[in-house]
Amino acid sequence: MSDACGLENHVDESGIHGQKSLKLGRPPQYISVNPRKDNTMQTTKSAPATNNNDLKEAFALWEKKGAKGVYYSGKTSDPEPVNIVGFITTEKKNEKQPDLRVYVSTDKDAEKIELAALWKQESKAGKTYYSGYSNEKEKLIAFINGDTKDGKYPSIRVYFKQDTK
């Protein structure tokens with residue numbers, strides 16, 4: 001059962017009721033506009049072609065500066081976007097602790113709903129990126145944008161590979 005934000009109540013393996021999760025990966029629809037010979041436009045909605053190697057955008061984050069330091073804000077890439085906020089872990093207690101945690105943006109007094117946990121990685125070419133999991137156990141990969149054009153473009157884009165099973 002989903003609420004207005006697209007959050008779902010579910011029972012986990014331990015039988016605990018009432019946890020909330022946000023499902024990523026609702027397939028987007030593309031709208032194409034085709035001009036006709038009589039100068040009118042025909043619009044059609046269609047689902048994108050599926051390719052097993054395609055990554056789907058889960059969400060994008062913009063860097064912000066607050067009183068307590070740098071944080072990220074953004075929205076999911078769903079047809080009904082959900083506001084999200086991300087925080088860098090400044091003092092890791094162990095290596096298993098994520099470097100970046102992303103939450104559904106709620107009131108300060110509300111229960112925090114974690115959307116994703118990401119760990120900083122370095123490619124063979126020396127580029128920094130993040131990898132991790134959503135709260136639905138989807139594998140995520142995040143790429144850092146070095147040129148945001150003064151906030152016009154997101155600082156981090158996060159993608160997942162949709163299950164084809």
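Sorting the Cα pairs of the stretch 55-165 by distance into bins of 5 Å, from 0 upward, gives 2, 11, 21, 26, 22, 12, 5, 1, 0, 0 percent per bin. Modelled this way, with points 7 Å down the Cα-to-C-beta line, the labels at residue 73 and residue 150 are 1.9 nm from one another.
Too long at a 28 Å Cα-Cα cut-off: which of 127/149; 75/161; 108/149; 65/137? From 127/149; 75/161; 108/149; 65/137, over 28 Å: 108/149; 65/137. Select from 74, 133, 85 the residue farthest towards the positive end of the dipole of the stretch 55-165; place +1 on Cβ of Lys and Arg, -1 on Cβ of Asp and Glu, and compute about the Cα centre. Highest projection toward the positive end goes to 133. Here the 3J(HN,Hα) profile of the stretch 78-85, calculated from phi with Karplus coefficients 6.51, -1.76 and 1.60 at θ = phi - 60°, is 7, x, 10, x, 10, 5, 9, 9 Hz, Gly and Pro shown as x. For residue 59, nonlocal amide neighbours, meaning residues 5 or more places apart or on other chains whose placed amide H falls under 5 Å from its own, are 77, 158.
Read-outs throughout are calculated quantities, based only on the coordinates presented, and are distinct from any laboratory measurement. Just so we're clear, the structure is a prediction, and the values are computed from it rather than from any experiment. In this analysis, Cβ positions are derived from the backbone assuming ideal geometry, glycine residues included, and neighbour counts consider all displayed protein chains.
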